[in-house]
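Taking it in order: structure first as structure tokens, then the write-up.
The values are calculated or read from the model by the stated rules, or taken from the named source; none is laboratory data. What you are looking at is a predicted structure, and each value in this text was computed from that prediction instead of being measured. Glycine also receives a Cβ, built like all others from the backbone with ideal geometry; neighbour counts cover every protein chain displayed. Heads up: the accessible areas ignore ligands, DNA and RNA and are worked out on the full protein's heavy atoms, side chains in. Shrake-Rupley method; radii C 1.70, N 1.55, O 1.52, S 1.80 Å.
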Amino acid sequence: MLKQSLNFKLSQKLSPQQIQLMKLIQLPTQAFEQRVKSELEENPALDSGKEKSEDEYDEYSNQDDYDDGNETIETDINVDDYLSDDDVPEYRTKVNNYSADDDDKSVPYAAGKSFTQTLVEQLNTRRLNEQDRAIAEFLVGSIDGSGYIRRSIEDIADDLAFTMNIYTDVDEVEKVLTVVQDLDPAGVGARSLQECLLLQLKRKNKSESNELAIKLIRDYFDAFSKKHYSKIMTKYDITEEELRDAIDDIEHLNPKPGGSYTGGSTRIVEQVVPDFNIRIKDGLLELTLNGRNAPELHVSRDYSNMLRGYKEAKEKTKSQKDAVMFIKQKLDGAKWFIDAIKQRQETLFVTMSTIMHYQEEYFLTGDERNLKPMILKDIADKINMDVSTVSRVANSKYVDTPYGTKLIKEFFSESMTNSDGEEVSTREIKKILETVIGEESKKKPLTDQKLAELLKEKGYPIARRTVAKYREQLDIPVARLRKEI
């Protein structure tokens with residue numbers, strides 16, 4: 001029996017222009033400025049500053065004279081090539097936080113020695129034979145940015161043999177390691193947190209609390225890290241006051257001695273530039289888009305004049321025709337880029353304006369408990385745009401509010417129903433959870449089950465596992481680790 005069926009498949013292919021527009025929308029202000037700068041450098045038909053005239057291009061851009069019988073060549077576009085983030089954009093490696101009228105566009109940063117160089121210089125003050133010095137320098141080179149040696153001594157001994165022709169054993173490497181661990185800052189060269197804390201405690205002035213702290217870290221580290229204080233007081237027959245003094249000594253230690261070194265490689269921290277500004281004026285919300293998102297661009301008059309010269313020429317050589325096709329391509333690109341910027345501005349403004357009015361109560365009060373449940377689709381439906389477009393705005397843009405600069409995606413949250421049958425934001429529940437934990441007794445912190453019961457009493461019936469999830473999202477440890485004496 002012969003069966004015949006007809007299947008329809010609907011597929012959508014984005015044009016290169018649509019893809020470029022989406023990428024423009026996704027760029028925050030600083031990155032967008034860099035993108036405009038690059039476009040100005042690459043396309044001579046695009047000019048910045050006050051517009052002189054673009055009528056010439058409009059007049060000649062659709063003339064058949066420039067087509068010259070050439071057919072449009074269609075090329076398949078791989079969307080992944082356009083959306084790939086494998087290559088790090090140049091703007092991510094630079095600071096570009098200046099206004100248009102700033103003169104100094106350089107990024108000054110202090111010169112300094114690296115952490116490794118400082119440790120090697122300290123080694124030069126120690127008396128070591130040639131082989132021990134080579135081992136010590138190898139160990140210093142194995143120290144990471146936090147100040148730790150993460151590899152085993154056995155592996156280091158093997159590497160010394162294979163890479164430096166230094167044949168040694170674990171005992172000798174361990175002996176040289178004690179020299180490295182005597183360098184500053186205290187705790188450097190440790191192989192574990194326990195060893196790091198011990199190295200620092202042993203350098204402190206001797207006292208009863210210091211000696212107890214050494215015993216706790218050396219002999220009872222696991223119980224101490226889990227805050228089993230009752231067991232510790234029983235084992236060492238000490239009072240709560242004595243234990244508190246020892247804990248105070250330990251809490252003043254540095255768990256990452258390498259991270260505290262300020263003379264290492266300088267890192268340039270890029271500051272956040274808000275893309276929007278919200279202010280309250282006469283009890284009403286007022287939204288503005290950062291002016292740096294609206295550069296003055298226009299089509300080059302010189303390039304338009306080149307087209308006019310070609311049109312008026314009586315004889316048109318092949319080289320002239322080739323040149324005018326190049327000019328037309330650049331003019332098309334310039335006009336598209338200007339239109340794309342206008343679309344970007346409109347998209348950003350209408351999206352943020354809709355978010356602002358959706359969360360009007362929050363923006364008027366600053367109280368996070370007034371944040372309404374809101375998902376991307378809520379905004380996308382209101383502005384008749386795709387969810388992905390709203391996502392591109394929300395995930396990469398910041399807004400300056402009377403309550404600080406906020407990442408827009410922070411205003412989005414799922415919803416749940418409270419005991420009164422009202423939909424509330426999960427952000428509201430997290431804020432209440434944070435408040436409850438902040439007010440708990442630190443000597444007897446609340447368990448997740450107890451927190452769930454308290455939230456239920458407040459009208460938020462959520463399960464214990466949900467409380468645990470929200471607590472983890474707030475970076476709050478479990479009750480046992482919140483305990484203090």
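Tabulated values for the structure
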| quantity | calculated |
| --- | --- |
| Wholly within the range 346-462, strands (runs of 3 or more DSSP E) carrying at least 3 residues that are at pLDDT 90 or above and open to solvent by 70 Å² or more (accessible area, probe 1.4 Å) | none |
| In the range 364-373, the residues that are in contact with a helix residue (DSSP H, G or I) (Cβ under 7 Å, 6 or more places away or on another chain) and under 15 Å from residue 407 (Cα atoms) | 368, 371 |
| Exclusive hit being of a type outside the set (A, V, I, L, M) and touching a helix residue (DSSP H, G or I) at 6+ places or on another chain (Cβ under 6 Å), set 346, 361 | 361 |
| The listed residue being under 24 Å from residue 286 (Cβ atoms) and charged (D, E, K, R), out of 458, 409, 444 | 409 |
| Selection count where residues are open to solvent by 40 Å² or more (accessible area, probe 1.4 Å) and free of Cβ contacts under 8 Å to residues at least 24 places away in the same chain, scope the range 466-485 | 4 |
| Residue under evaluation residue 213, criteria (1) free of Cβ contacts under 8 Å to residues at least 60 places away in the same chain; (2) surrounded by fewer than 19 Cβ atoms within 10 Å (Cβ to Cβ), criterion not met | (2) |
| Of all residues in the range 267-277 being surrounded by 12 or more Cβ atoms within 10 Å (Cβ to Cβ) and among the β-branched types (Val, Ile, Thr), the one that is modelled with the lowest pLDDT | 272 |
| Members of the range 245-264 that are in a loop (DSSP other than H, G, I, E, B), modelled with pLDDT of 80 or more and either closer than 23 Å to residue 114 by Cα or open to solvent by less than 20 Å² (accessible area, probe 1.4 Å) (or both) | 253, 254, 255, 256, 257, 258 |
| Only one of 342, 318, 314, 335 that is at pLDDT 85 or above, open to solvent by 80 Å² or more (accessible area, probe 1.4 Å) and among the basic types (Lys, Arg) | 342 |
| Pick from the range 124-150, criterion in a helix (DSSP H, G or I) and open to solvent by 30 Å² or more (accessible area, probe 1.4 Å), ranking: farthest from residue 176 (Cα to Cα) | 141 |
| Number of the exception - residue 172 against (1) open to solvent by 30 Å² or more (accessible area, probe 1.4 Å); (2) within 30 Å of residue 240 (Cβ to Cβ) | (2) |
| Count of the range 285-311 residues which are modelled with pLDDT of 80 or more and out of contact with any helix residue (DSSP H, G or I) (no Cβ under 8 Å at 6 or more places or on another chain) | 4 |
| Condition check for residue 391: among the hydroxyl-bearing types (Ser, Thr, Tyr) and in contact (Cβ under 8 Å) with a residue 12 or more places away in the chain | yes |
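Quick grid of which residues meet (1) over 28 Å from residue 259 (Cβ atoms); (2) modelled with pLDDT under 85; (3) open to solvent by less than 50 Å² (accessible area, probe 1.4 Å):
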site: 152; (1), (2), (3): no, no, yes
site: 163; (1), (2), (3): no, yes, no
site: 167; (1), (2), (3): yes, no, no
site: 183; (1), (2), (3): no, no, yes
